[in-house]
1. Name the residues whose placed amide hydrogens come within less than 5 Å of the amide hydrogen of E107, ignoring near sequence neighbours (fewer than 5 apart) on the same chain.
2. In Å², what does the accessible area per residue of segment 79-223 work out to with a 1.4 Å probe?
3. Which far-off residues, 5 or more places away or on another chain, put their amide H under 5 Å from the one on V208, with H placed in the peptide plane?
4. What's the extension gain from I494 to R214 if we count 0.36 nm per residue and subtract their Cα-Cα distance?
5. Pop the C-beta distance of L405 and K269 into the FRET formula with R0 = 60 Å and round what comes out to the nearest 0.05.
6. Tell me, what HN-Hα J-couplings in whole Hz come from the Karplus equation 6.51 cos²θ - 1.76 cosθ + 1.60 at θ = phi - 60° for each residue of segment 225-238, using x for Gly and Pro?
7. Hey, how many Å between the Cα centroid of segment 233-247 and the Cα centroid of segment 20-52?
8. Rounded to whole Hz and in sequence order, give me ³J(HN,Hα) for segment 200-208 from the Karplus expression 6.51 cos²θ - 1.76 cosθ + 1.60, θ = phi - 60°, writing x for Gly and Pro.
Amino acid sequence: MVTGETKSKKQINEECIINRLPEDLIEQIFHRLPLSTLLRCVGVCKHWHDFIRNPQFVTSHLQHAPHYAFLFFPQGVVSGEPYPSDAILIDEAWSLSTYAVPVIGPEDLLFGSCNGLLGLYTKTSTIKIANFTTGECMHVEKPAKNMRGDHFSFYSFGFHPVTKEYKITHFLGDWVEGRPRNEDKSSVIQVYTLGDDKWKGIPTPEAVSLNSVRNTGVVNVDGTTYWLTEDKRASWQHTLMSFDLREESFEMIQLPAEREDHDYFGPRKFWIRDIDGKLCVVTAQTGHYDARILGELQIWTLDNPVEQRWSQKYNIKNPPNYIPGPHFVHIDRILAQSRTSVGSYEVIGENIEISFSKMAELFDFSPRKLYNMQSFICVKSLVRLDVYKKAGIVRRPKQQVGWQLKKWEAWENELREVEKVWSKIHKLQHDLSEVTEKMVEFYQFLEDKPHEIVERVRTELNQVLQEKPENPNQPRFLRRLNLVEQKRDSKELISHIRKLTDRSEAIKQAHDNISSIIRSHKLDQGKSTGNVSSTDKVPA
């Protein structure tokens, strides 16, 4: 007879109830699990490891994964103080994430997201591709060294659903070709396919305005990269350009017919955006001196790229001042910034009038800069990068990066000090709880005293016990909080310090009150004894 101790792992694996189920049922069970749980399941047994790591399951999991709004705030300086890059995830129930995204360094800039992978521009000689959920990263050499004027917005990151290839594209400024006077133009798109050994350059049909790319954006939809280019002869004086990631070919697409509109507010501007997996062109008049949107916001959807057929999706009156990109609609609500808040507006129907009073506030992003937020719609995925890491241009960054830089020492020290204060608070809470318990034990001897005395002492002890903290020894997770949670954590820290002070004073007061009750009781007993003794001495 085989005992439980002598059973092999194979036997235990075969006897596991879930492994006896049909594979399609196991797949459905795994699809319902959070990705963090799935990653733990990988280490349970070989069968589960192979099942979860199977490329077919990774693809099916990707198709069933819930969508998140990924709001990115680039690093900046406010009032002389540096603030690192940070991100907030918002799920389909509009709940906010708690922790910072570990793969995002303090100076990383986000240029693309697809299938749970982030494309991050760094100040080093490499570009970072990272799965923000699993934490897996790889660094790819930039297409050229010492590119003057290079900018993260000149890069994009896409995936072709047929070839299953991930590609990074880069608009190469013409100054690299020795024409410094033409530095605002790009005549070459550089393309890198993950897993290849080098970048390759593809000439554009005509020079691309890098200012236009920076101001209007670049979007990847269904294996095609889109951007706007200025064209004085075309409708709205702009033309849409596309680059097919499979064929690596260009196409010019005309914008919809110009709508009758009086541009009396200010200059008309255009943006490229993605709404529900479709390419959209957004246009509105803006202020003469800033980027605020004035008048109506028109949003047009490219229904058929081959036939170049457009339809108007939304016409929004009183729109928010700023439209983030490349995605700004999450679960039928528009994401927007207003003063110091990020909020959302419900969009129902084609013609919409937005009221600021109806904005659902999500969080306060101060002191971060206004009109600086990017928004992506993303998923948490199991996509792995190890298959691409053998490529010749995959490198480790040579320079110090991220939180290792001296620039962020003060920031890191401040966070460590906060954690030290939290540790001291938890210890003090524990100590005060022990003091309270000892007080209760110490005054148990009063149970045999008169009822009135016992009730008075019990009342004092109950007031202390009511304020007893829950889980005083509960440890904090040693993970970096995001910008929203850091504010909440700071407020909670201040609140805990005040409560701890009040609790200390309450315990001291209770101790003093009980001591006073006992002294009074003893004094009363002494007087009573004295009176009895005097009476006994009176002669009969």
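1. It is S85, G402, by chain and number.
2. Heavy-atom SASA per residue in segment 79-223 reads 39 Å².
3. The answer is S186, S187.
4. The I494-R214 span can extend by a further 96.6 nm.
5. Values: r = 36 Å, r/R0 = 0.60.
The value I calculate is 0.95.
6. 9, 10, 7, 9, 10, 6, 8, 4, 8, 8, 4, 6, 6, 9
7. Distance between centres, Cα-based: 44 Å.
8. The phi angles translate into 10, x, 10, x, 7, x, 8, 4, 9 Hz.
The values are calculated or read from the model by the stated rules, or taken from the named source; none is laboratory data. Since the model is a prediction, treat every value here as computed from it, not as a measurement. Positions of Cβ are backbone-derived with ideal geometry, glycine not excepted, and every protein chain shown enters the neighbour counts. For the accessible areas, the whole protein counts, side chains as well, though only heavy atoms, and no ligand, DNA or RNA atoms are used. Shrake-Rupley method; radii C 1.70, N 1.55, O 1.52, S 1.80 Å.
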